[in-house]
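Notes follow once the structure below has been shown.
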Amino acid sequence: MATNNPALQFTIRGLDCAEEVAVLKREVGPLVGGEDNLGFDVLNGRMTVSGTGFTADQVRDAVARTGMSADLWVEGESPLHPPGYWERNRRTILTAASGGSLLAGIATHAAVNGLLAAFTEDSTSWPPVGAVACYALGIAAGVWTVLPKAWVAAKHLAPDMNLLMVVAVCGAVAINQWAEAATVAFLFSLSLALEAWSVGRARRAVAALMNLAPPTARFVHPDGREEAVAPDKVPVGAKFRVRPGDRVPLDGRVVEGSGGVDQSPITGESVPVLKSAGDGVYAGTINGDGLLTVESTKPASDTTLARITRMVGEAQSRRSPSEQWVEKFARYYTPAVMFLAAAVLALPPLAFGEPWGPWLYSSLVLLVIACPCALVISTPVSIVAALSSAARNGVLVKGGVHIETPARLKAVAMDKTGTLTEGKPAVVELVPLNDHTETELLERVAALEAHSTHPLAHAIVEYAKTRGVSIPPADDFRILPGKGAVGRVRGTEYWVGSHRYLEARGQETPEVHDRLEAMSRAGRTVVVVGNDRHVCGFIALADRVRPEAKLAVAHLRAVGIEHVVMLTGDNRGTAAAVAAEAGVDEVHAELLPADKVAKIEELVARYKSVAMVGDGVNDAPAMARATVGIAMGAAGTDAAIETADIALMSDDLSKLPWLVRHSRRTLAVIRQNVVFSLGVKAVFVALTLAGHSSMWAAVAADSGASLLVVFNGLRLLRTR
């Protein structure tokens with residue numbers, strides 16, 4: 001019985017690109033009252049169906065007719081692992097079978113009739129039976145997943161690339177060109193497999209984001225009893241505890257305890273932020289050395305981390321200009337080729353009484369020369385060469401569209417921490433006071449900080465070691481949660497802490513206050529050391545700007561980048577200091593991930609083509625929303641690298657201007673190949689229509705064009 005379904009969601013196995021979306025719209029659309037009642041999330045392999053007058057089973061049957069399969073969406077299920085070995089590996093197995101059969105067919109053909117004959121047999125002589133069998137197997141494996149989609153396109157009189165490929169393969173078989181047919185089938189199957197793999201990478205990026213949230217929360221019952229439960233079982237307003245070193249499971253507000261929290265996964269701040277009663281914390285951040293009791297302020301489905309994950313999915317689903325151009329080109333090219341072949345077959349016999357035989361042959365020749373074999377080969381070869389060259393130069397590029405995009409960039413946005421800077425604090429200034437020396441200052445602070453796991457403590461201890469300072473033991477050491485630490489060094493008790501702790505002790509002088517405030521405005525974090533009598537001095541730390549940052553920004557302008565922007569979650573003082581040193585044009589500070597996405601959208605509206613360079617999970621939504629996302633691969637998080645389109649594996653910002661130049665050269669080679677391939681086809685189409693072409697010439701032209709574009713594409717391997 002038909003039912004009224006306001007909204008049903010289905011997991012679609014095999015939904016990997018816009019071509020499948022178009023096929024599903026044609027087959028499922030009429031069932032549910034039109035394409036407007038269908039919504040698609042390619043990243044998660046999901047289809048949303050609204051409307052009336054259909055059942056879930058009818059939708060499943062309609063999807064099955066396209067060669068894909070549908071199951072009702074289950075909230076929380078992973079789209080990465082379809083059930084069954086065959087469904088998980090179908091594309092890979094069929095593509096490998098197609099390629100292996102093609103090679104076997106060529107080898108068999110060459111063994112019987114000679115290597116030259118394997119590539120030059122005419123339509124009047126059959127290849128050896130064994131070769132035909134191998135070619136036929138390769139063709140069947142190559143078009144297995146394409147046939148249902150081609151049938152849908154033919155049934156709805158809406159020809160697409162799937163239908164063109166099937167017709168071209170059948171045409172090649174009809175004129176006895178089995179090797180040509182098997183080659184086309186394999187290349188098309190390979191392109192589909194690569195496309196599915198790239199979508200899988202994006203899906204794994206979302207999974208990596210979600211893994212930042214811990215699987216359990218330590219829920220505190222009203223009677224004080226703790227229980228480990230799933231975060232989605234903690235109601236808003238309930239309390240949970242976060243032990244030192246644990247990740248925060250939910251967004252909330254601290255009600256008890258204090259300590260430093262590493263917020264870099266969410267806000268990008270370079271140093272842990274002190275949290276005490278009344279302060280907010282984010283899911284996915286890492287608690288430091290204090291036990292925190294937190295009151296939940298949002299459900300698990302609406303935390304800042306969950307929203308980041310959703311934004312990545314939405315941004316990834318936006319199609320690039322290159323994808324839109326390819327879709328538009330195929331929309332006109334495919335029907336035009338098929339219409340022309342049909343016209344060559346039918347018009348001369350029907351209009352002028354010509355015999356059918358020669359024009360049938362001419363139409364099949366036209367199908368072979370029109371078959372986009374050289375086009376199919378030209379771009380992938382150029383892309384593979386460009387990607388290989390980029391990899392040798394320390395730049396990992398994830399696919400052809402991403403190697404092309406940097407050529408069109410007009411603006412570049414960069415995160416601060418870990419991108420423009422090294423991502424870790426370092427000692428930049430020592431200020432001894434009250435007759436103490438730098439060595440004494442370092443000795444006492446390092447003795448106390450040697451017991452701490454805080455990033456600032458590590459930086460100070462390492463700096464002391466590089467200065468050759470002997471670090472004495474600290475006796476009676478104890479941590480003051482949220483304040484600092486106290487210990488006895490060489491018989492005298494010393495304390496270390498922040499500016500706030502100095503004020504709380506009442507030992508601050510106006511001169512020291514002014515000095516500390518000036519350092520804070522310059523973006524520095526200050527550790528103060530003293531004893532009961534006076535302040536011994538302080539040590540300033542900062543996240544250092546990368547040595548190559550300023551030169552890289554200058555080179556970006558030299559290659560035509562009009563605007564360089566810094567987006568950071570860090571405080572304004574630190575951001576302004578880094579921006580001035582790096583030489584960027586514009587800086588925006590204290591941004592959450594949603595704010596970064598908004599800034600990227602403003603840049604895209606202004607400059608059209610924008611890159612986002614970052615290294616943290618907090619940068620992932622902005623990288624996904626930008627025209628191209630670039631991750632700092634060596635120091636970046638797994639989620640940022642997976643979400644990004646390009647990763648700088650050596651964390652060398654000077655690779656950015658190199659990437660722009662490399663992309664422009666790649667795009668030029670691709671254009672040369674496309675123009676040459678289409679030009680050759682246009683010439684032979686004209687010769688065919690004039691009756692001066694033959695199957696030999698068509699095959700030779702197609703193979704020759706393919707060979708030339710391959711050689712032209714391989715020139716990109718020499719890029720340095």
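Just so you know, all these numbers are worked out from the coordinates, no wet-lab data involved. In this text, all values refer to a predicted model and were calculated from it rather than measured experimentally. Counting neighbours? That spans all protein chains shown, and the Cβs are built from the backbone with ideal geometry, glycine included.
Values for this structure:
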| quantity | calculated |
| --- | --- |
| Exposure proxy ranking, count of Cβ atoms within 10 Å, fewest first, for Lys155, Lys25, Lys275, Lys681 | Lys155, Lys25, Lys681, Lys275 |
| Partner lysines for Lys149 [C-alpha distance under 30 Å; skip if fewer than 8 residues away on the same chain] | Lys25, Lys328, Lys398, Lys681 |
| In order through the range 619-628: 3J(HN,Hα) via Karplus (6.51 cos²θ - 1.76 cosθ + 1.60), integer Hz, x for Gly, Pro | 8, 4, x, 5, 5, 5, 6, 5, 4, 9 |
| As computed over the range 422-545, the Cα convex hull volume per residue (Å³) | 101 |
| Amide hydrogen neighbours beyond the local backbone of Val255, cut-off 5 Å, H modeled | Gly278, Thr293, Val294, Glu295 |
| When each of Lys416/Lys655; Lys424/Lys465; Lys424/Lys550; Lys424/Lys483; Lys424/Lys655; Lys416/Lys465 is checked by Cα-Cα distance, pairs over 24 Å | Lys416/Lys465 |
| Sequence of Cys170, Cys134 once ranked by neighbouring C-beta atoms within 10 Å, starting from the fewest | Cys170, Cys134 |
| For the range 456-469, Karplus couplings with θ = phi - 60° (6.51, -1.76, 1.60), whole Hz, Gly/Pro x | 5, 5, 4, 5, 5, 5, 4, 5, 4, 5, 5, 7, x, 7 |
| HN-Hα J in Hz across the range 108-114 - Karplus 6.51, -1.76, 1.60, θ = phi - 60°, x for Gly and Pro | 5, 4, 5, 5, 8, 10, x |
| Electrostatic dipole magnitude of the range 217-301 [Cβ: Lys, Arg +1; Asp, Glu -1; Cα centre; debye, to 20] | 140 |
| Longest to shortest principal axis, alpha-carbon extents of the range 217-301, angstrom | 36, 25, 20 |
| Placed amide H near Ala230: partners under 5 Å, 5+ positions off or other chain | Ala217 |
